[in-house]
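All remarks here apply to the structure that follows.
The values are calculated or read from the model by the stated rules, or taken from the named source; none is laboratory data. Here the structure is a predicted model, which means the values were calculated and not measured. Backbone-built Cβ (ideal geometry, glycine too); neighbour counts: all protein chains shown. Areas reflect the complete protein model, heavy atoms only, side chains present, ligands, DNA and RNA absent. Shrake-Rupley method; radii C 1.70, N 1.55, O 1.52, S 1.80 Å.
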Amino acid sequence: MTETTPLIASPELNVEGFTRQYLRELTYTQGTTLERASTNDKYLALARTVRSYLMSRWNRTVTQQYHEPARAVAYLSAEFLLGRQLDNALIASGLEEIAAEGLAGLGLSLDELRAAEVEPGLGNGGLGRLAACFIDSLATMNIPAIGYGIRYEFGIFRQTFVDGRQVEEPDNWLDNGSPWEIARPEQEVEISFGGHTETTTVDGVEKTTWVPGWSVLALPYNYMVPGYLNGRVNTLRLWSARATHAFDLKIFNYGDYAEAVRAQTFAENITKVLYPEDSTPQGKELRLQQQYFFVAASLHDFVERVLEAGFDLHDLPERVAFQLNDTHPVIAIPELMRVLVDLKGLAWDEAWAITQKCFAYTCHTLLPEALEVWPVELMSRLLPRHMEIIYRINDEFLEQVRAKFGNDEMLVRRMSIIAEYPERAVRMAYLASVGTTKINGVAELHSQLLRDKVLNDFAAFAPEKFTNVTNGVTPRRFVRLANPGLSALITEAIGDGWVTDLSRLSELEPFADDAEFRRRFREIKRGNKDRLVTLLKNRDGIDIDPDTMLDVMVKRLHEYKRQLLKVLHVVSQYDRLKSGAIDPATTVHRTFVFGAKAAPGYQMAKEIIALINHVGARVNGDPVVSQALRVAFPANYNVTVAETLVPAADLSEQISLAGKEASGTGNMKFALNGALTVGTDDGANVEIRQLVGDENFFLFGLTEPEASAIQEAGYRPSSYYEQNPDLRRVLDLIASGEFSGGDRSVFEPIVSNLLHEDRFMVLADFQSYMDAQERVDTYYRDQEAWSRSAVLNVARTGFFSSDRSMQDYLDRIWHASPVPIEG
Ligand code: OX2
């Protein structure tokens, strides 16, 4: 590698080197002493110390990339739900033990300082966490990759409960300083909006230019994405909005100071807050501004800064694969066209060929209402040039449709990127389907349903574009870090290769039949429950009993995910214990743990949260019932909580209506940590069950074709109520005011919705779910059989590593290769 200046070496990788660097950070950066330092001071000094070890690797990665350009993956995502950074940086750099020892030498506790980190909650749930897993895997697999996203000043809201109801508070994650980001203000990019376009003819050639109305600055903040012990540190670049200097100046010259400050605020609003909607977009103007803002900044950054000067943009597809994480970044397609045609002077057809080759699109949903659509009126006002480009893309595409399928105007209307009803609007998923080389779903069933239902016309038009990549999760965070006990046991049994090759877990298979191994496995599970007991006690003041079965349902609150079905089960158990149908002394004791945030504007979801909390209070307060079951619903479920909760779980609830959950990724984390799943044939559950085997999975519920058939024939939920006395008792009990202090009106909307609409068929699956839960109880009584199944769940789910997902993307979509970092 050619370097003009030598790279500064890291501090020595030993306890002395670490301690020296730590004290340096505490003294020179935090400006304090060990005696005076606050916990936050000590944490920040620790973070910076760890960071200093990764810094030279980061520089080396960037330098090598510059000198030896290779095809890179650019992952465009409006969300990166990173979780805490320190723990991951410690294991990636091999510093965990050194740090613990060094800190102990100074009388400090690593665990205590770890706990001081506030996680950056820059995502809603699965989609954002997936992006974080993917960039971790890419770095670990030595792939040149860059993540592009938004540095929200406020991430996902902090959830609290008041009288059992959700209240949202701002997540000011930046308050205590963020040691993991590095601002690069000198690399700011100006991003424009509004205005109009002008077309002129020069030498007989039409040329359109955009005359924007206003603009803001995009400031990049870099985050390290360290590979696991491989010397590579990739970059995550998150953009933050500022007012342009020119704008300021003009107003200052008019002497209107107040107006200048207002302009500043207006600009900064763009990256102020993460929209808390998950899987159901709200169509707000600011959201489109966010999307264009980060996408335009990222394309500019890649083209003007990452690519070397003089790079021939005809070769762009050789150098980059832009992955569109759902429809949020899809405005990148017309933006790249604008850059190539308007700014770089390429002919339209050339530019279109390049654009289509550079982009690929991942769809994460099957709910029609979750596919983003932007009113033409809004798009034309905010991005007039892009609207023109979209029209032209659409015209040419529809010509091809006619050429291929004849003049079927119904079909043409169905496939048009522009919807006509209920208002003229741009269908972003269609734009993505037209402007990309590949389209993938996130689990086998989901990809199949995308082809057969949601995007069936597009699949008929270009079948070769469609592919599947089943999601995965990073084993570094969700096994190695979250479950140190299990990690040590696995390593003792099969060596430590599994951390970067999770398929190796299959070597654990024989240990399922080893009684001593199972005993140790149970001991670890029990230890993990103790850790959870401590966390819930300290964090939430919640008491749980580690000797009960831990039955966990954690995910966003959404009707399709069916937290309500879980509540019906709890209420049924409550009823049976109270009525004496089951004996609290002999039944299997369970703790039901819920974790879920509802989008602030999603009324029904918030009612369901209130119901869970009210049922929980009643159950926990009843002297008889609480002997056998308890409900715990810690507020503000997030990545940090998941890391303690997932390893402690016995039973994983994955109970969405078949055909609605695209994949799920929590389901994978639980199975990998040795929980058994009770689940429907939905999303990645299908693949989990195929891999672990029917005998190690509690399947229930309608299949997708069955559910669709019932819906088509006219689903009548009340008929289930009428025919099933157990179900009737449960719904009547909720309706009676049993869980609302006798007030029958409180949960009436929930009950009435179930009886008369029940869009996600909770009542249709009720009995099947109850039966599955009976099987769970029976099986759990046989702890040897249960732990054998649990071990087999671990041994057989190595497939769900995000490393494997990345390999699939590389093989099927990106075609990029590893580049090891030298030195
Ligand atoms: C989620 C999906 O709901 C979930 O099934 C999937 O596992 C996850 O994405 C990662 O692929 N917003 N969030 C999702 O989809 C959308 C849209």
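Before moving on, here are some points about what is shown:
- Two-decimal Rg to Rh for segment 588-742 - Kirkwood Rh, Cα set: 0.97
- When the surface is traced with a 1.4 Å probe over the full set of protein chains, residue 788 keeps roughly 90 Å² accessible.
- The accessible surface of segment 518-798, taken with every protein chain in place and a 1.4 Å probe, is 49 percent carbon and sulfur.
- Summary of the geometry: segment 280-304 and segment 500-561, compared by the centres of their Cα atoms, lie 39 Å apart.
- Across 815, 196, 386, the residue with the most accessible area heads the list, and the full order at a 1.4 Å probe is 815, 196, 386.
- Segment 113-183 and segment 473-498: distance between their alpha carbon centers, rounded to Å: 24 Å
- Amide H within-cut-off set for residue 72, under 5 Å, with H built and near neighbours excluded: 320, 321
- The Rg/Rh ratio for segment 669-797 is 1.06, where Rg is the radius of gyration of the alpha carbons and Rh is the Kirkwood radius.
- Relative protection proxy for 424-432, 706-714, from highest mean packing down: 424-432, 706-714 (other beta-carbon atoms within 10 angstrom).
- Given charges at beta-carbon only (K, R positive; D, E negative), |dipole| of segment 425-581 in Debye: 620 debye
- Its Cα gyration tensor gives segment 47-106 an equivalent ellipsoid; the semi-axes, largest first and in whole Å, are 28, 17, 8.
- Ellipsoid semi-axes for segment 518-798, based on the Cα gyration tensor and the rule √(5λ), read 27, 23, 18 Å when sorted largest first.
- Surface composition of segment 284-378: carbon and sulfur atoms hold 53% of the protein heavy-atom accessible area at a 1.4 Å probe.
- For segment 518-798, the relative contact order comes to 21 percent (Cα pairs under 8 Å, sequence separation of at least 6).
- Note on residue 40 and residue 265: with the Förster distance fixed at 25 Å, the Cβ-Cβ geometry gives a FRET efficiency of about 0.35.
- Cα-centre dipole for segment 518-798 with unit charges at Cβ (Lys and Arg positive, Asp and Glu negative), debye to 20: 980 debye
- Label-point gap, in nm, between residue 452 and residue 169 - each point 7 angstrom along Cα→Cβ: 4.7 nm
- Rounded to the nearest 500, the helix-only mean residue ellipticity at 222 nm of the chain stands at -13500 deg cm²/dmol, with each DSSP H run of n ≥ 4 adding -39,500 (n - 2.57).
- Modelled FRET efficiency - R0 45 Å, residue 716 with residue 272, Cβ distances, 0.05 increments: 0.45
- For segment 206-295, applying the loop criterion from DSSP together with a ceiling of 16 other beta carbons within 10 Å to the chymotrypsin sites (Phe, Trp or Tyr not before Pro) yields 254.
- For segment 11-18, 3J(HN,Hα) computed residue by residue from phi via the Karplus equation (6.51, -1.76, 1.60; θ = phi - 60°) reads x, 4, 8, 8, 4, 5, x, 5 Hz, glycine and proline entered as x.
- Viscosity 1.567 mPa s, 4 °C: Kirkwood-radius Stokes-Einstein D of segment 731-823 over Cα pairs, µm²/s: 69 µm²/s
- Distance histogram for the chain (every C-alpha pair counted, 20 angstrom bins, percent rounded to whole numbers): 15, 47, 32, 6, 0
- Full extension of the segment from residue 160 to residue 381, taken as 0.36 nm per residue of separation minus the current Cα-Cα distance, would add 75.7 nm.
- When you restrict to C-alpha pairs under 8 Å that are six or more residues apart and normalise by the size of the chain, the relative contact order lands at 13 percent.
- The phi torsions of segment 100-107, fed into the Karplus equation with coefficients 6.51, -1.76 and 1.60 and a -60° offset, translate into couplings of 4, 5, x, 5, 4, x, 9, x Hz, rounded to whole numbers, with Gly and Pro shown as x.
- Rounded to whole Hz, the Karplus (6.51, -1.76, 1.60) HN-Hα couplings of segment 335-346, x for glycine and proline: 5, 5, 4, 4, 4, 5, 7, 6, 8, 9, x, 6
- Nearest-20 debye value, the chain charge dipole, Cβ charges on Lys, Arg, Asp, Glu: 660 debye
- Normalised contact order of segment 303-404, rounded percent, pairs of Cα under 8 Å and 6 or more residues apart: 31 percent
- Taking amide H as placed 1.01 Å from N in the peptide plane, the amide H of residue 232 sits under 5 Å from that of 227, each at least 5 places away or on another chain.
- Close amide-amide hydrogen proximity is noted between residue 438 and 361, each under 5 Å apart and 5 or more residues distant or on a separate chain (H modeled in the peptide plane; Pro and chain starts excluded).
- Order by protection proxy (mean Cβ within 10 Å, highest first), peptides 620-627, 444-451: 444-451, 620-627
- Segment residue 199-residue 285, extension gain: residue separation times 0.36 nm, minus the distance between their alpha carbons: 28.3 nm
- Backbone N under 18 Å from the residue 509 label point (7 Å along Cα→Cβ), restricted to segment 697-725: 697
- The calculated P(r) of segment 21-178, using every Cα pair and 5 Å bins from 0, goes 2, 8, 14, 17, 17, 16, 13, 8, 4, 1, 0, 0 in percent.
- Of the peptides 805-814, 777-786, 345-354, the ranking by mean beta-carbon count within 10 Å, highest at the top, reads 805-814, 345-354, 777-786.
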